[in-house]
Amino acid sequence: MSADKRLYLGVPVERPKAAFFDFTSCEGCQLQMLNNEATLLDFLSLLDIVNFREAMSERSDDYEIAFVEGSISRADEVERLKKIRAQAKILVAVGSCACFGGVNQLKNRFGDLDWVKREVYGSNPVDSTEVRPVSAFVTVDLKIYGCPVKKEEVEVIVTNLVLGKSIVHPSYPVCMECKANHNICLFDLGEPCLGPITRAGCDSWCPSNRMGCWGCRGPAEVANVEQLREIMLKHGFSEEEMIDRLECFGGFSTYLSELK
Amino acid sequence: MKISCDIKVDHLTRVEGHGNIRIKIRNGRVEQARWDVVETPRFFEAMLVGKKWNNAPWICARICGICSIGHTLASIRAIENGFGIKPSEQTSVLRLLLKHMETLQSHLLHLYFLAAPDFLNVGSVMPLIESHPEVVKRAARLKQLANDACDVIGGRRLHPTRTVVGGFTMLPEKSQLSSLKKRMQAAVPDLTATVELFQTFTLPDFERETEFVSLKGDERYPFIGGGLISTDQVEMEEHDYLKMTNEFVVDHSTSKWSRLSRQSFAVGALARLNNNFSFLHPEAREVAEGFSLAPVNNNPFMNNIAQLVECVHVVMDSISLIDNLLDREWTEVRQPVCPRAGLGVGALEVPRGILYHAYEFDNAGRIIKADCVIPTSQNNANIHYDIFELAQQSASRGKSDGEIQHLAEMLVRAYDPCISCSVH
Ligand code: SF4
Ligand code: SF4
Ligand code: SF4
């Protein structure tokens, strides 16, 4: 690539070499990357993908953008992650697992990791640590939220990344999108919802399907948990139901420790 | 005769999750041939402890990105069985339709993106975009149909939003179902072309007798619920699942192993087909016959073809399921749920084999103990012994290191293992 190409965070804008890596995850976010068949080929043409274990046999360690899926839950994962960080100019955390620990961090709530291991593997020793997000170990340049990530949003973000445009996440909550979609509020239908405090960007994916939001994208810029608690109580939902949702994906962990 | 070789494949590509292959041959004898699962475990069964029932389907979907619908439905079934809820026929038909579309998208992903590159001698689907654009476009078209159908019925193709205990949060429009039906009918030529593509591939000639285990068809090919059957004549009720799964932990693998009548058994498309051939849609059966695939087939590479046969089956069956749905008056979408203490077991055939979810509840419907038994853990032992036999046969035929490695990789891929799922 010629040196006079426009640079963004040090990366040439034309078809940057990109690699996908997975850690502790369901691999659903990677699948989402391949899941929009209508635009898949256009999307793939944006990037020169040099490493994507789930999809290809070739592997190369020469890449500029690293997309990282999954949370970190074993010592060898930390080492692998640090190597990726050392190579990549831009490291993108993809999905709730990478951004917050995701559902995997639910096991942390027991405190007693030995019990967790015994519950599943009996007396056999298994190597596993507390579940942490990627940012607990390395600098993350960009986060793509969601469990799963929304492909349309990924496409916009990646296009902007490649073109050197800035990337701004919505600061407002899911409720804004939900209202724009003319949904009946789920609270009025007798369902709990974290829409009032969760960062938008998913186009109110769950409420539009009459499933209350579980907060997979983490807190909006302003997240008034106290107010949410009042709404929950007013509609007859217990503290337990609210906490189930707040702790599901790890995005609200700081708020939870305040609550408890 | 092969004298010696050392084959090490770390983090095998084009499979879901992380696994390693090791083959060591000395003086023409296979000293070691192993399939090791090294995926990081996630402890879903522990995560669920203390949680109310309604968390389980939502959390369990995240066991696996490929079969999230299967996990959601298995979790829902376990809860419904535990609480004594019987889904309405309308709900059952919609769930089966949703399930079929997941089977279709999962099989297509495996056949086109993970398996086909081996037969076309490329490392991935990427070079095929240039060399075989019509193949890639056809794969994308078919996959999109399956995924769009999952969006329409389940709310979302991955980690569905509409599937809940008691039914659905909301239903698709009838017009959406009719347009899906039209698209399915229009997809038949693409399916035929897929069958023709696979007819040009030469599957490795390899057999190892084993036990094939699946759910037992009862009027129709098995997908949701029911007892178990095996080619060694074992039969068991759904709630007796523990006798069958019989999981044990081996030290070189983070995924548990299972055995039934012999040292290992196989689950998945080939097992379903070996046990339930007569329930296949006539057109699917015809495809099977075109590949000389008839029960009991002992070639694990034929699992690819069994998946292909099932693709045809689920599309044909979905067309009649949609007819059934369009012909009826639609009723309530969601039954009330009354939690009660006890055990609930839910069995499903997911793309890779039998999946069990089992939960023990207290009076308030909180989970005291959870158990999820995943197809790939059931297959791991069988894959392991297959690799040994394959190495043995290849060694005696004097195959090169490269050929043996390639065959071993293809063998593991043929099972379409879902490793991250199996170490949930
Ligand atoms: S964020 Fe959700 S969809 Fe993505 S890998 Fe994690 S569990 Fe899967
Ligand atoms: S359903 Fe949820 S997201 Fe929608 S308006 Fe109500 S609280 Fe907000
Ligand atoms: S509605 Fe909530 S839980 Fe659903 S995708 Fe959006 S942020 Fe995630």
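Quick look at the values:
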{"read-out": "For segment A:165-260, alpha-carbon Rg over 2.2 N^0.38 Å", "value": "1.02"}
{"read-out": "Cα long-axis angle, helix A:225-234 against chain A (0 to 90 degrees, to the nearest 10)", "value": "40"}
{"read-out": "Fluctuation leader among B:Gly365, B:Gly346, B:Gly398 - chain B, Gaussian network, Cα springs under 10 angstrom", "value": "B:Gly398"}
{"read-out": "Prolate/oblate/rounded call for chain A, Cα gyration tensor, a/c under 1.5 rounded", "value": "oblate"}
{"read-out": "Value of [θ]222 nm, deg cm²/dmol, for chain B, DSSP H segments ≥ 4, -39500 (n - 2.57) each, nearest 500", "value": "-14000 deg cm²/dmol"}
{"read-out": "Among the listed pairs B:Lys143/B:Lys174; B:Lys86/B:Lys369; B:Lys243/B:Lys369; A:Lys179/B:Lys52; B:Lys137/B:Lys174; B:Lys143/B:Lys181, those beyond 19 Å (Cα-Cα)", "value": "B:Lys143/B:Lys174; B:Lys86/B:Lys369; A:Lys179/B:Lys52; B:Lys137/B:Lys174"}
{"read-out": "Gaussian network model of chain A, springs between alpha carbon atoms under 10 Å - residue of A:Asp244, A:Asp112, A:Asp61 with greatest fluctuation", "value": "A:Asp112"}
{"read-out": "Directionally averaged projected area (convex hull, Cα atoms, the protein assembly as shown), nm²", "value": "28.5"}
{"read-out": "Acute angle (nearest 10 degrees) that the helix A:75-87 long axis makes with the longest principal axis of chain A, alpha-carbon atoms", "value": "50"}
{"read-out": "With eigenvalues of the C-alpha gyration tensor scaled by 5 and rooted, segment B:341-424, Å", "value": "40, 10, 9"}
{"read-out": "Calculated diffusion of chain B, Stokes-Einstein form, Kirkwood radius summed over Cα pairs, 37 °C and 0.692 mPa s, µm²/s", "value": "150"}
{"read-out": "Sum of -39500 (n - 2.57) over DSSP H runs of 4+, divided by residues of chain A (222 nm, nearest 500)", "value": "-10000 deg cm²/dmol"}
{"read-out": "Folded to 0 to 90 degrees: helix B:68-83 orientation relative to chain B principal axis, Cα", "value": "50"}
{"read-out": "Carbon/sulfur fraction of accessible area - chain A, other protein chains in place, 1.4 Å, %", "value": "52"}
{"read-out": "Rg to Rh quotient for segment B:277-424, alpha carbon positions, Kirkwood Rh", "value": "1.10"}
{"read-out": "Accessible area (Å², 1.4 Å probe, nearest 10) - A:His235", "value": "60"}
{"read-out": "Inter-chain shielding of B:152-163 (mean C-beta neighbours from other protein chains, 10 Å cut-off)", "value": "5"}
{"read-out": "Rounded to the nearest 10 Å², the accessible area of B:Thr200 at probe 1.4 Å", "value": "100"}
{"read-out": "Selected from B:Gln307, B:Gln233, B:Gln335 as most flexible by GNM, with chain B as the system and alpha-carbon contacts under 10 Å", "value": "B:Gln233"}
{"read-out": "Accessible area buried between chains A and B, both sides summed, probe 1.4 Å, in Å² to nearest 100", "value": "5400"}
{"read-out": "For segment B:178-226, convex hull volume per residue from C-alpha positions, Å³", "value": "132"}
{"read-out": "Unit Cα scatterers, Debye sum, segment B:266-330: log10 I(q)/I(0) for q = 0.12, 0.16 Å⁻¹", "value": "-0.33, -0.52"}
{"read-out": "Relative frequency of Cα-Cα separations exceeding 18 Å in segment B:26-75, percent", "value": "49"}
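The values are calculated or read from the model by the stated rules, or taken from the named source; none is laboratory data. Quick caveat, the model's predicted, so the values are computed rather than measured. No Cβ is skipped: glycine too gets one built from the backbone with ideal geometry, and neighbour counts run over all protein chains shown. Keep in mind that these areas ignore ligands, DNA and RNA; they rest on the heavy atoms of the full protein, side chains included. Shrake-Rupley method; radii C 1.70, N 1.55, O 1.52, S 1.80 Å.
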